[in-house]
1. Taking the range 16-50 as the region of interest, how many residues are in contact with a Ser or Thr (Cβ under 7 Å, 6 or more places away or on another chain), exposed (fewer than 14 other Cβ atoms within 10 Å of the Cβ) and assigned to a strand (DSSP E or B)?
2. Could you count how many residues in the range 1-23 are away from the ligand (no atom under 16 Å from the Cβ) and over 15 Å from Ser52 (Cα atoms)?
3. Within the range 11-55, track down each residue that is under 18 Å from the mean Cα position of the chain (by Cα), more than 19 Å from Met1 (Cβ to Cβ) and touching a residue at least 40 places away in the same chain (Cβ under 8 Å).
4. Are any residues in the range 36-56 in contact with a helix residue (DSSP H, G or I) (Cβ under 9 Å, 6 or more places away or on another chain) and either at pLDDT 95 or above or within 16 Å of the ligand (Cβ to nearest atom) (or both), and if so, which ones?
5. With respect to Ile6, determine if the residue is buried (at least 16 other Cβ atoms within 10 Å of the Cβ) and either over 24 Å from Glu60 (Cβ atoms) or touching a Phe, Trp or Tyr at 6+ places or on another chain (Cβ under 7 Å) (or both).
Amino acid sequence: MVVKVIRCPSCGEVIELTDMYEGMEIHCDLCGLVMIVRNNELLVLDTNEVYSIESLVYEEEKEEFEGEEFEEEEYYDYDYED
Ligand SMILES: [Zn+2]
C-alpha cells in the first residue's frame, strides 16, 4: 500500500513510499539521492539539506473543479432604437 507519494527534491522523480517512519531511508531510483525521514522533514544525506515532506508531496490529479462554473451567461438587453 502506498502511503505517500513524493517527488525527489533533486531530480523530480516520483517516489512511492509504502511506509514512512522516523529514521527511514528513502532512495531515489533515478538519481540515487538518499533521504532520511525526520519528524515531518526529509534530510538529504549528501547535502544535509532539509525539506518538509509536505512540500515534496506529489498530489495526483486533485480534482479541483470548484470555480469552473463561474461562466455565467449574461444577457444584455440591447435596445434598438430606430
Ligand atoms: Zn532523484
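The values are calculated or read from the model by the stated rules, or taken from the named source; none is laboratory data. Bear in mind that the values here come from a model prediction, so they are computed numbers and not experimental data. Cβ atoms come from the backbone with ideal geometry, glycine included; neighbour counts cover every protein chain shown.
1. 0
2. Going through the range 1-23 one residue at a time, the tally reaches 5.
3. Tyr51
4. Residues satisfying the conditions are Val37, Glu41, Leu42.
5. Numbers: buried (at least 16 other Cβ atoms within 10 Å of the Cβ): yes; either over 24 Å from Glu60 (Cβ atoms) or touching a Phe, Trp or Tyr at 6+ places or on another chain (Cβ under 7 Å) (or both): yes.
Yes.
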